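Peer 1: This is the structure I want to talk about, given as structure tokens.
The values are calculated or read from the model by the stated rules, or taken from the named source; none is laboratory data. Values in this document were obtained by computation on a predicted structure and should not be read as measured data. Please note: Cβ atoms are built from the backbone with ideal geometry, for glycine as well, and neighbour counts cover all protein chains shown. Ligands, DNA and RNA are stripped out before the accessible areas are found, and what is left, the full protein with its side chains, is counted by its heavy atoms. Shrake-Rupley method; radii C 1.70, N 1.55, O 1.52, S 1.80 Å.
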Amino acid sequence: MSSPCDPQHAPAGDVGAALMMVDSRLKAIHAGKTETDPEQQALIDQFTASLGPKGANDVLDGACTLIFMFMQWLRLAYEQQDEDVIAYVVPNLVGSMRMMPKSVRPEAIPTMAGLLVAAGTGLSPNLWRKQYGFWTESEMTPLEVTAFLLAEHINRLTDDPDFATRMITKALSEYQD
């Protein structure tokens with residue numbers, strides 16, 4: 001029986017733009033820049049403003065697609081070790097988010113944990129979330145943080161700081177061929 005949260009029913013969104021945002025944040029953190037550069041923030045704000053409502057929604061869907069793809073990769077990686085992705089990834093990411101109170105408010109953490117569980121069990125994170133209403137402004141940064149932390153988790157597992165970005169870029173290029 002098909003679930004209304006089955007990924008086949010979900011829009012992929014603008015995965016490229018979402019990946020660009022996550023990748024730029026990864027590169028900044030690895031360069032030792034923990035605070036957002038004002039010039040970079042101005043470019044991000046300008047880019048976001050140029051999207052309009054539909055474009056912003058597409059990037060939101062793209063971020064959820066990234067989370068789904070990252071969790072599927074992690075699920076396969078952990079299953080090869082006879083381990084459960086939810087048992088290893090969700091507590092790790094929740095713990096990390098709890099240490100980021102300026103970026104992730106405590107009330108957003110259960111939603112992000114739910115997104116991870118949904119994606120880890122093969123459900124679309126954006127369709128799962130939409131069951132509970134529209135996304136809120138206060139969930140945007142935690143969503144970006146979730147995608148970032150998943151990419152960083154994959155990069156640490158593979159001991160390759162660009163693995164997660166390359167994996168998605170390769171999947172996107174194969175999809176377009």
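Peer 1: Please return the longest stretch of the chain lacking exposed loop sites, where chymotrypsin sites (Phe, Trp or Tyr not before Pro) count only if DSSP places them in a loop and at most 13 other Cβ atoms lie within 10 Å. Write down the numbers at each step before the final one.
Peer 2: Numbers: sites that count: Y132, F134.
Here the longest run is 1-131.
Peer 1: Where in the chain is the longest stretch that carries no trypsin sites (Lys or Arg not before Pro) classed as loop by DSSP and with at most 15 other Cβ atoms within 10 Å?
Peer 2: Working: sites that count: K33, K102.
Of all site-free stretches, the longest is 103-177.
Peer 1: Using the 2.2 N^0.38 Å rule of thumb for compact globular proteins, work out how the chain stacks up: its C-alpha Rg over that value, please.
Peer 2: Details: Rg = 15.5 Å, N = 177, 2.2 N^0.38 = 15.7 Å.
Expressed relative to 2.2 N^0.38 Å, the Cα Rg reads 0.99.
Peer 1: Can you give the accessible area per residue of segment 43-177, in Å², using a 1.4 Å probe? Numbers along the way, then the final one.
Peer 2: Numbers: 7310 Å² over 135 residues.
With the other protein chains kept in place, segment 43-177 gives 54 Å² per residue.
Peer 1: Using the Karplus curve 6.51 cos²θ - 1.76 cosθ + 1.60 with θ = phi - 60°, work out ³J(HN,Hα) for each residue of segment 5-18 in order, rounded to whole Hz, and write x for Gly and Pro.
Peer 2: Along segment 5-18, the couplings run 9, 4, x, 5, 8, 9, x, 6, x, 8, 5, x, 5, 5 Hz.
Peer 1: Sequence gap at least 6, Cα distance under 8 Å: using those rules, report the relative contact order of the chain to the nearest whole percent.
Peer 2: Details: 169 pairs, mean separation 55.1, N = 177.
Across the chain, relative contact order equals 31 percent.
Peer 1: Considering the chain as a Gaussian network with a 10 Å cut-off on Cα pairs, which listed residue, E107, E152, E35, attains the greatest mean-square fluctuation?
Peer 2: E35
Peer 1: Another question, if that's okay. Cut-off under 24 Å on the C-alpha distance; same-chain residues fewer than 8 positions from K102 excluded. Which lysines are left, in chain and number order?
Peer 2: K27, K33
Peer 1: Now for a separate question. If you find the alpha carbon centre of segment 39-61 and of segment 74-126, how far apart are they in angstrom?
Peer 2: 25 Å
Peer 1: Right, something else. Measure off, as a whole percent, the carbon and sulfur share of the 1.4 Å-probe accessible area of the chain, all protein chains present.
Peer 2: Details: 5730 of 10010 Å².
Taking all protein chains in place, the chain shows 57 percent carbon and sulfur surface.
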